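Just below is one structure, and these are the notes that go with it.
The values are calculated or read from the model by the stated rules, or taken from the named source; none is laboratory data. Keep in mind that what you see is a predicted model, and the values were worked out from it rather than measured. Cβ atoms come from the backbone with ideal geometry, glycine included; neighbour counts cover every protein chain shown. Just the protein is used for accessible areas: all its heavy atoms, side chains included, with ligands, DNA and RNA removed. Shrake-Rupley method; radii C 1.70, N 1.55, O 1.52, S 1.80 Å.
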Amino acid sequence: MADEPLILGIETSCDETGVGVVRGHTLLADALASSVDQHARFGGVVPEVASRAHLEAIVPTMERALTEAGVTLADIDAIAVTAGPGLAGALLVGVAAAKGYAVAAEKPVYGVNHLAAHVAVDTLEHGPLPEPAIALLVSGGHSSLLLVDDLARGVTPLGATIDDAAGEAFDKVARLLGLPFPGGPHIDREARAGDPAAIAFPRGLTAAKDLVAHRHDFSFSGLKTAVARWVEARERAGEPVPIADVAASFQEAVCDVLVDKALDACRSSGVETLVIGGGVAANSRLRALAEQRAARHGIRVRVPRPGLCTDNGAMVAALGSHLVASGVAPSRLDLPADSALPLTTVSV
Amino acid sequence: MRLGWVIVLVLVVDSSTPAVTAALVEVTASAVTTRAHRCTVDARAHGELLAPQVDAVLGDVAARPAELHAIVAGLGPGPFTGLRVGLVTAATMSQVLGIPAYGVCSLDAIGHPAATGEPVLAASDARRREIYWAVYDGAGQRLVGPEVGAPAVAAERARELGVTTAVGDGAHRYAEVLGLPLRAEPRYPDACALAALAAERIRAGAPGDPLTPLYLRRPDAVAATVRKPVLP
Ligand SMILES: [Zn+2]
């Protein structure tokens, strides 16, 4: 095992400064600094606030990761960094940091795709990923269905949200219910005491006509508005809002669509493995529902533990490790941060 | 520790203006000399340009990074996104190499070398029709600033301080409003001046600085307001 490549991963695409260290498929360190508290009063991530926090956090987070892993930069074989997609200014801090480390330590650098890294992180828990696989990536910034035929060289986007990201819907509904930002964990907690069948909220893009053009796409904007209307109607009638029931019914609507569309993608592509990643993959109902329904179709679900689903440096290191093992060439030192990096580009 | 006769190699980076700069300078007991220098003017590619330029200046003098003795970085003020590239580069390299990084106000590297006996206004472009500016006395010591604001406000303060010339890209851009004779150079922060302004600290082997950017502006952000109803 000691001869497997030792890879460092740097993640700064949103509000988490992450540095991870992996050897092969073994996670050695996963250090994280979050600026989430600084964004709470704005009800969403403020790009400039996130960028400033990354600059302050990167050196100490690197220090912690190296200490945790018991290695130095001289021991590292390659440095991987999220080159996109994400917030432009935030990505740039990580990319410039990776280059600084690479130049000073004379190591190769790989600029990698954040979404592919969300898929790759699962290899740290469940070993090599059978290809092809279907990946469902759901977070505050993205909601995508991908066909992963070669994680080292390119993935095929099947569908994505046409409006809000799934995590964004969680944040907006949480705000509506007076729950703090980020909304995901709070909705999940409230929902445990609620009835998921209490209110019939709409399932976006599941009607027969939508399935023609948007079979693998998502829409959460209509659902969010439906929840807002329902809550307001209650408030205007002077009736109390049953927060637990609203949370549970909303969460059920989101998870129902996510799981059904992901399993449909598996069946239509003849794929037996479904990987779920992104911050929303930490949702307990999504995990349970996916396991339950996938079992009926003989599909194996792989979901990393919640700490690896949200953004972190380990996922970037995991993808870097896969690229090195697959013989992919490193990036050039002038690699750009690309806020709109397409899914078809795994490394730049 | 005083370095005495020793010659040390210092990396200088500045990304506070459209001029992305990397240089290697030699610092001795009595002099600061540029050995290699790369500068590209491109306001939109700091992240792409800086690391290859650092690599290139090292290559120019056939030096390994481990031979560096210290790093000097321009702290700005400057447009945030580009400015951070230089600072994160300096901070990460300093961490890997275990050498100190020193911060210098980037405007000082325009105003100090431009001062020749009379007070001078140094300015860089702050976008949004504003400039980052500071005023230096005849010996190059900063009297006022760094500040960010309308060129007209800087011009008024400069007049009060007896400024006779203006220097820097921001001064060229707003020459009419400033109404001061212009000096052509330096147009952007001068790498050798950045090193010279940190030379005492380098020679003394002083501990490095936390490289805190001179942002001078708060992030644009508004706190979440009361939600708008969706029902008519
Ligand atoms: Zn993510």
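Using θ = phi - 60° and the Karplus relation 6.51 cos²θ - 1.76 cosθ + 1.60, list the HN-Hα couplings for region B:149-166 in order, rounded to whole Hz, with x at every Gly or Pro.
Per-residue couplings from phi come out as x, 5, x, 5, 5, 4, 4, 5, 5, 4, 4, 4, 8, x, 5, 10, 9, 10 Hz.
If you project the alpha carbons of region A:195-348 onto their three principal axes, what span does each projection cover, largest first, in Å?
Sorted from largest, the Cα extents of region A:195-348 read 63, 37, 32 Å.
Taking the alpha-carbon set of region B:1-148, what are its Rg and Dmax in Å?
Just the Cα atoms of region B:1-148 yield Rg and Dmax of 15.7, 48 Å.
Using only alpha-carbon positions, what ratio does the radius of gyration of chain A give when scaled by 2.2 N^0.38 Å?
0.99
Tell me the Kirkwood radius of region B:21-79: reciprocal of the mean inverse pair distance over distinct alpha-carbon atoms, in Å.
The answer is 12.7 Å.
To one decimal place, what orientation-averaged projected area in nm² is obtained for the convex hull of the Cα set of region A:5-108?
In nm², the orientation-averaged hull projection of region A:5-108 is 6.2.
Under 13 Å from the Cα of A:Lys107, which aspartates and glutamates turn up, not counting those fewer than eight places away in the same chain?
Counting by Cα, and skipping residues close in sequence, A:Lys107 has these aspartates and glutamates nearby: A:Asp75, A:Asp77, B:Asp55.
Let's test this: bin the Cα-Cα distances of the protein assembly as shown at 20 Å from zero up to the farthest pair and state each bin's percent.
21, 45, 27, 7, 0
Heavy-atom accessible area per residue, the protein assembly as shown, 1.4 Å probe: how many Å²?
I get 38 Å² per residue for the protein assembly as shown.
For A:Lys261, go through the lysines and keep the ones whose alpha-carbon is under 17 Å away, minus same-chain ones fewer than eight residues off.
A:Lys209
Normalised by the residues of region A:4-101, what does the relative contact order come to in percent, with Cα pairs under 8 Å and at least six apart?
After rounding, I find 37 percent.
Taking a virtual spin label 7 Å from the Cα of B:Glu160 along the C-beta vector, which residues in region B:122-153 bring their backbone nitrogen under 17 Å of it?
It comes to B:122, B:133-137, B:143-153, nothing else.
Any chance you could list P(r) for region B:85-141, counting all Cα-Cα pairs in 5 angstrom bins from zero, rounded to whole %?
Pairs per bin, as whole percents: 4, 18, 18, 14, 15, 14, 11, 5, 0.
To the nearest 500 deg cm²/dmol, what mean residue ellipticity at 222 nm is calculated for chain B from DSSP H runs of n ≥ 4 alone, each contributing -39,500 (n - 2.57), summed and divided by the residues?
-9500 deg cm²/dmol
7 Å from Cα along Cα→Cβ at both B:Leu143 and A:Asp334: what's the point-to-point distance in nm?
4.4
Output the Kirkwood hydrodynamic radius of region B:95-196, Cα pairs only, in Å rounded to one decimal.
13.4
For chain A, set up a Gaussian network in which alpha carbons nearer than 10 Å are linked by springs, and say which option among A:Val257, A:Val328, A:Val121 fluctuates the most.
Taking springs between Cα atoms under 10 Å, the residue moving most is A:Val328.
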